[in-house]
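What follows is a single structure, written as structure tokens, with notes after it.
The values are calculated or read from the model by the stated rules, or taken from the named source; none is laboratory data. Small disclaimer: the values here were computed from a predicted structure and weren't measured. We place every Cβ from the backbone using ideal geometry, glycine too, and count neighbours over all the protein chains shown.
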Amino acid sequence: MFTTTHAPRLKPVLLACGVILSLAMGVRHGFGFWLQPLSQFHNWTRETYSLAMAMQNLMWGVFGPAAGMAADRFGATRVVLIGALLYMAGLLWMALVDQSSWFVLGSGVLIGAALSCTAFGALSGIVGRTATLAQRSWAFGILGAAGSFGQFAMIPIEQQLIAAAGWQHAFYWLAALVVLVMMPLAFFLREPKASAVSGGHQQSILEATREAFSHRSFQLLVLGYFVCGFQVVFIGVHLPAYLKDKGINDPGVAVIALALIGLFNIAGSYYAGKFGGIIPKRYLLSGIYFARAVIISLFILAPLSATTVYLFAAAMGFLWLSTVPLTNGVVAGIFGMRYLSMLSGFVFFSHQIGSFLGVWLGGYLYTLQGNYSTVWMITIALGVFAGLVNLPINEGPIARAAPLAA
């Protein structure tokens, strides 16, 4: 177990976590650029690559609780080191494997497990334990902004790598980059071990898990985060195809829109974390989900043009990952820091189930109906639902029985 440290270590920890998260999220957000060249090279349908991406999202959620559990128990350093090696292996797998079923399975498991070790869930515990109570929400916001910056910064880099080196060698360069950057930074995440655990509420992992899942506010948080995953991955994957269906044939519009989402989410995540230390987080979460429902409604009702696409991307970008610092902050406020990474992993698993369904249902209903109308309606209805379920959340620390005197 590890102790809670304080402000002097916060800056180097945040910087290391920020760079690790930027790289992990940035590489993952650019995978769409490989869809066409990789599918053409192997003579696969686009369904194969899309299924691999969906599998990555699902496995990211499946491995999230275990990665968080390991980070809480053994420290983030070891988890990030393992994650960097898994990321390298996953990228090499995507470059070399030419059998479709093995490609889907291997890249899904390796990249999904890598992300669970190098993204929000595994890093939230070290950030939460390093920050003071007053800094915690702000620090989570900085972490969220770092993930958004990675999306904004890495997309043009990955485009240029593919153009200059080819799709296969681009994977090789990214594999080397991941290992060379992530592994040294992991050593900045070492935490001082507790000399002795005295006083306070002591729990096993199983007790902490049972306590969380029996807590009504945790259940509501899980339901809301499912909606977040559904909305952002459906939009992120299917927006370019939707625009083309509606007559916007310039692919640059979609590229700019996705970049705007990443750019505006830097500010959105930062300010969500900052205001989460002032305003009740449940109100901010509800506001985000209600605002998404309104913005999506206006987007599909308004006349479509490049201007309306950019306005939609900027508005949605501001709300994109702003749920992350607030959600982690609620979990930390209710249950404390000891099992924060693990419990955040469980909540994120719900997010990734929503992600899987969002990307899959979008393609399934489009194949069935020839348009995205029904899925847009579902995203709006889910936004209203998530806004409502977050309102009754009680953010106060859970009441626990005092330990018996010896």
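Points worth noting:
- Top-ranked residue of region 298-323 - restricted to ones that are among the aromatic types (Phe, Trp, Tyr) and more than 21 Å from the chain's Cα centre (by Cα), ranked as farthest from Phe230 (Cα to Cα): Tyr310
- Flag if Phe346 is within 19 Å of Asn390 (Cβ to Cβ) and either crowded, with 24+ Cβ neighbours inside 10 Å or in contact (Cβ under 8 Å) with a residue 12 or more places away in the chain (or both): yes
- Annotation note: of Gly383, Gly358, the sole residue that is under 24 Å from Val330 (Cα atoms), surrounded by 14 or more Cβ atoms within 10 Å (Cβ to Cβ), touching a helix residue (DSSP H, G or I) at 6+ places or on another chain (Cβ under 6 Å) and modelled with pLDDT of 85 or more is Gly383.
- Yes/no for Pro392 being at pLDDT 90 or above and not in a helix (DSSP H, G or I): yes
- All conditions in (1) touching a residue at least 12 places away in the same chain (Cβ under 8 Å); (2) of a type outside the set (Gly, Ala, Ser); (3) surrounded by fewer than 24 Cβ atoms within 10 Å (Cβ to Cβ); (4) closer than 26 Å to Tyr225 by Cα hold for Trp167, with the sole exception of (4).
- Flag for Val127 being buried (at least 20 other Cβ atoms within 10 Å of the Cβ) and within 30 Å of Gln202 (Cα to Cα): yes
- Residues located in region 322-362, provided they are within 23 Å of Arg292 (Cβ to Cβ) and small (Gly, Ala, Ser): Ser322, Gly329, Ser344, Ser350, Gly354, Ser355, Gly358, Gly362
- Selection status of Leu326, among the hydrophobic types (A, V, I, L, M, F, W, C) and within 18 Å of the chain's Cα centre (by Cα): yes
- Check on Trp320, more than 23 Å from Ile393 (Cα to Cα) and either hydrophobic (A, V, I, L, M, F, W, C) or at pLDDT 95 or above (or both): no
- Looking across region 218-267, the residues that are of a type in the set (S, T, N, Q) and under 21 Å from the mean Cα position of the chain (by Cα) come down to Gln219, Gln231, Asn265.
- Within region 361-380, considering residues that are aromatic (Phe, Trp, Tyr) and surrounded by 18 or more Cβ atoms within 10 Å (Cβ to Cβ), the one farthest from Ser297 (Cα to Cα): Tyr366
- If only residues of region 329-364 that are among the β-branched types (Val, Ile, Thr) and under 14 Å from the mean Cα position of the chain (by Cα) are counted, the one that is nearest to Thr130 (Cα to Cα) is Val347.
- Here His351 meets each of (1) part of a helix (DSSP H, G or I); (2) without any contact (Cβ under 8 Å) to a residue 12 or more places away in the chain with one exception, condition (2).
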